[in-house]
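Here is the structure we will look at.
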Amino acid sequence: MPGLYDILSQPFVTLFVVIAFGLWLGSLQVRRISLGSAGVLFAGLIIGHLRRSLPESDIAAHPAVLTMPPTLTELGLLLFVYAVGLYAGPRFVPMFRSRLKAYLLIGLGSIGAAAATAVALGHVLQLSPALTTGLFTGALTNTPALAAGRDVVQRLAPSTATEVSVGHGLAYPFSAILIVVLVQILPRLKRQSPEEAAHQAAQEATERQPAIGTRCFRLTNPNIAGTTVADFHRQGLTRATISRIKREGVVYPALPEMTLQLHDAVLAVGPEVDLTKLQSILGRPADDVSMDDTAGRVTSEVAVVSSPAVVDKQLGQILTGAFADVIVTRVRRQGVELLPDPALVLEPGDALRLVGNPQVVGRFAEHVGSEQRRLSETSLLSFAVGVCLGAILGMIPIPLFGGVHGKLGLGGGAFIVGLMIGHARHVGPFRIFVPEPVILFARELGLVVFLAGAGLEAGHQFMGVLRIAGAQALLAGAVITCVAALVSLIITQRVLKWNVLAGAGTLSGTMTNPPALNAATALAQSDAAPLAFASIYPVAIIAKIILVQFAFLAARLWQ
């Protein structure tokens, strides 16, 4: 029978003991505030510290007891940030474009203030430049910045390089937990409920990506009468699609060869601006006309694309031949509604709203979605290619100044590749299709594995670091964290007046804090927090990699 130490020397036993204990801790609430997934980090700190109380002879005999390989921690971080990138990718570009200046202001303002605070506190408290550098990276919970800081210290003051890790380990736990708590109390501080913020975020998303609606018109324009539906659409007067026509009390599907006649009631689907334009083309509104078909001539249903026969083909290519009479009024892709442009390339999981003859629509729905099982499958080959590319990107040196090079790190590289693939949905010839439940599972699993490893590593060193650096360094790290968080919140909540979900996601991304994002996402059913996190994250990570090196040089000059 294996002994207790033999069992606890197995990395996976330690991993899941920390995860289970941490999730239990995270579920505990004090005045409706909980640590959530950050409880795993706290559990790692506790268990990692307990290892130091074991007899040295037992540790010598079982050196792996209550430890995790660093590669397992890095794998967790890799999975988490890659999944966040995949999830946010489809909506990232419109969000980032619309708020680019704001994200630059937040990222550079908050991180620049944190760097200046670190240098000033290092001078006042007489901390070494290397320790000050580590406190900066730990207070902003950023491993790539830690790597960049160690690189510059190793080049310019190699004898003090270990102090960078000491400072990082001292400041990291407080920062990770404080931001999680701050994210949860932000709705109370702002006096805005998460549900209200989610509604506001949905309205803002509609402004960036206009929602598709329906409207009924009475055809009174004699210039349009006599035109076929196909010819009307070919003229490109509007992006709206005519889906039904009611004539003499009978509802018909708007087939391409059907001729529009005066006094027809026409049902159209499209963005609000195009529907308004369509009114000036067709005639007056006819909102009082019912376009429901009671005779069974017209049906409307949703077909989900899953068949390889239609994936990667343009919509116009499959609406031919036997399916020429099928009318597609809208396409929904990962929560975003798209117009049924004939050039739109279909992807797995696309939901097509179909209108037409019941028999033809039924055959078409079976044609595009006859292999529903594929929607629950993930292409592990393409998924692995994406993760591999992210790891490689994170390793590429970025030349900065004075011969110093920075790196995005595994997390930063995987995140950026995840964003790109989530937006483009391809890696060269490979198509990436990852079902949303799989993305969410990878995100949660990666997060808790990363937090367990980070917590154990910090717990092993925490008391030793505290004795070496002293309470002053611990206080300095806390102040740096508070300054960065305060500047971020002032800009988002006071200057830009964003809702609390966008503010919470931005704060999590500014601090590059995964458990804080998890807490922000749990506030309400909305993608506002993940989108804000994804938008600020690239700015934050690059700013930290650059500013950590300026912070070290400034601390040396001011020493």
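Every number in this text was worked out from the coordinates using simple rules, so none of it is lab data. Computed from a prediction, not measured in an experiment: that's the story for all the values here. Cβ sites come from the backbone with ideal geometry, for glycine too, and all protein chains shown count toward neighbours.
At q = 0.06, 0.07, 0.10, 0.11 Å⁻¹, what is the base-10 log of I(q)/I(0) for the chain according to the Debye formula with one equal point scatterer per Cα and no solvent? Please give it to two decimals. The Cα Debye sum returns log10 ratios of -0.39, -0.51, -0.87, -0.99. Dipole orientation for the chain: of the candidates Tyr103, Gln235, Gln472, Gln472 has the Cα lying most toward the positive pole (charges on Cβ; Lys, Arg +1; Asp, Glu -1). Ordering Asn221, Leu28, Ala554 by the projection of their Cα atoms onto the charge dipole of the chain, which places +1 on the Cβ of Lys and Arg and -1 on the Cβ of Asp and Glu, puts Ala554 at the extreme positive end. Which angle between 0 and 90 degrees, to the nearest 10, do you get for helix 358-368 versus the longest principal axis of the chain when only C-alpha atoms count? The angle comes out at about 30 degrees.
Note on the chain: dipole from Cβ charges, positive end direction compared against Ala254, Ala211, Ile542; the farthest Cα belongs to Ile542. P(r) tail, the range 191-327: Cα-Cα pairs separated by more than 19 Å, 59% of all pairs.
The calculated P(r) of the range 439-518, using every Cα pair and 10 Å bins from 0, goes 16, 32, 33, 17, 1 in percent.
Rank by packing, highest mean first: peptides 303-311, 289-297, with packing defined as the count of other Cβ atoms within 10 Å averaged across residues. Before the final figure, lay out each step's value.
Working: 303-311: 18.8, 289-297: 11.9.
Packing proxy ranking, top to bottom: 303-311, 289-297.
Only helices enter the 222 nm calculation for the chain: every DSSP H run of n ≥ 4 contributes -39,500 (n - 2.57), and dividing by all residues gives -20000 deg cm²/dmol, rounded to 500. In plain terms, if you count all Cα to Cα distances in the range 81-134 and split them into 5 Å steps from zero, the share in each step is 4, 17, 15, 13, 14, 11, 11, 10, 6, 1 percent. Sequentially through the range 303-316, phi angles give Karplus couplings (6.51, -1.76, 1.60; θ = phi - 60°) of 10, 9, 5, 8, 7, x, 5, 10, 4, 6, 9, 6, 4, x Hz, Gly and Pro residues having no value and appearing as x. Against the main long axis of the alpha-carbon atoms of the chain, helix 162-190 sits at an angle near 40°. Looking at the range 58-163, the pairs of alpha carbons with a distance over 16 Å make up 73% of the total. Sorted fewest first by neighbouring Cβ atoms within 10 angstrom, Arg284, Arg244 come out as Arg284, Arg244. Computed over the range 10-124, the P(r) tail beyond 16 angstrom holds 76 percent of alpha carbon pairs. Under 16 Å of direct C-alpha separation, and excluding same-chain neighbours fewer than eight residues apart, Lys101 reaches these lysines: Lys497.
Once the Cα atoms are used to define both axes, helix 436-489 deviates from the longest principal axis of the chain by about 30 degrees. Take every Cα pair under 8 Å whose residues are at least 6 apart in sequence, average their separation, divide by the length of the chain, and the relative contact order is 29 percent.
Stretched out straight at 0.36 nm per residue, the stretch from Ser193 to Val273 would grow longer than its current Cα-Cα span by 25.7 nm.
The H on the amide N of Ile398, modeled in the peptide plane, is under 5 Å from the matching H of Gly406, Lys407, each at least 5 residues off or on a different chain.
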